[in-house]
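The values are calculated or read from the model by the stated rules, or taken from the named source; none is laboratory data. Computed from a prediction, not measured in an experiment: that's the story for all the values here. Cβ coordinates were reconstructed from backbone atoms using ideal geometry, including for glycine residues, and neighbour counts include every protein chain displayed. Quick note on the areas: whole protein, heavy atoms, side chains included, nothing else; ligands and nucleic acids left out. Shrake-Rupley method; radii C 1.70, N 1.55, O 1.52, S 1.80 Å.
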Amino acid sequence: MTVRRSTVVAVCGHESDGGRAVRDLLDPRVSCVPGGRELFRRVRASRTRGEDVCVVPMTLGRDPELVADAARTLLGLTSRERAGTVLAEPFGTAEHLVGWLRAAAARVPEDRALLVSAPSGDPFADAELFRIARLVRQYGRHRTVEVALTGGDPDPAEGVRRCRALGAKRVVLLPAAWAAPPVPDPGHCEPGGPLLTASATAGVLDARVGDAWHRRDRHGDDGLSRGLTAAHGHGHSHSHGPGDDHEHGPKDHGHGSHGPDGHGHGPGEPGRGHIHGTGPGHGSDDAGHADGATGVPASAPATPAAARTSSVSHVLPPSRSLR
């Protein structure tokens, strides 16, 4: 597959502290921005210079809102600007994150407890981290696997105390995010990261960009319709009236889009208009690859969209490798 030369814009959310935690892992030629107006301005500036642009949501699987917000923001571009812009599949899914954590856990001695840590997000992102940690324990060899939320509850210090209360003499802090928090209790805790090396990150990013242009060139798919539905099912389920049931996250009450300033926007002008996104499913049809120095697999096998909304126990049987 021939990869089109383009400007790559990595859009970042709470998993990377707005991008600050991921910049050192990215090639300097990759633009790293938070969502909203910063993303809109960066893409518009590149398109004004005549550059094709691929936007990659840098979630590791716990921030589907980042994908949907990026899609809504890109809808604010003019039709000419959008003609040279694509939205890639997210850098990682929850299934990928489970695989990366399992690979990291495999390097930790069995007598250690694992403390899976990540920055706190909304309640649903935090709950997802508990589910991910449970799968890491289910298909791993460590008896104790606990969760810590930087800026949330339980925080890393409390996580270490819980592991100790369960009988662990040593605790390894496994980051489920782009950066690990400081070790809260060096006497009993040690770092177990990073989750991905720079070379592994580059490999996955290249795969996402290549697949995005392939879908555009072969199928005319710019990724926006798929991106708009990425957060469906993330959060509370509620009804909009008779015969109109949708699932929305905590940010999705109402049909206005969240453009660069938190409101809908029409073509060419962020912050105006309303868009209610519809489109095909929100799964990924790619399985990116990389070969990080730590031996972390870059991606779990591709999973059909329908399977991602159900239990992933069939995706991660005990005997199956995630390479």
Practice task
For VAL145, enumerate residues with amide H under 5 Å from its amide H, sequence gap 5+ or separate chain, H modeled in the peptide plane.
Solution key: LEU114
Problem - For segment 133-149, Karplus couplings with θ = phi - 60° (6.51, -1.76, 1.60), whole Hz, Gly/Pro x - result: 4, 5, 5, 4, 5, 4, 10, x, 10, 9, 5, 10, 9, 10, 10, 9, 10
Fill in the blank from the handout: Distance in nm between ARG23 and GLU51 label points, each 7 Å along Cα→Cβ, equals 1.6 nm
Completion exercise
From highest to lowest solvent-accessible area (probe 1.4 Å; ligands, DNA and RNA excluded), HIS219, HIS232, HIS96 read HIS219, HIS232, HIS96
Handout entry: CYS189 long-range amide H proximity, modeled H, under 5 Å
Key = VAL171
Practice task
With a point put 7 Å past each Cα toward its Cβ, work out how far ALA157 is from ASP185 in nm, to one decimal.
Solution key: 1.1 nm
Exercise for the section: Give, in nm to one decimal, the length gained when the segment between SER225 and THR78 is fully stretched (0.36 nm per residue of separation minus the Cα-Cα distance). Expected result: 51.3 nm
Problem - ARG141 paired with ALA165, simple spin-label distance in nm, labels 7 Å along Cα-to-beta-carbon - result: 2.9 nm
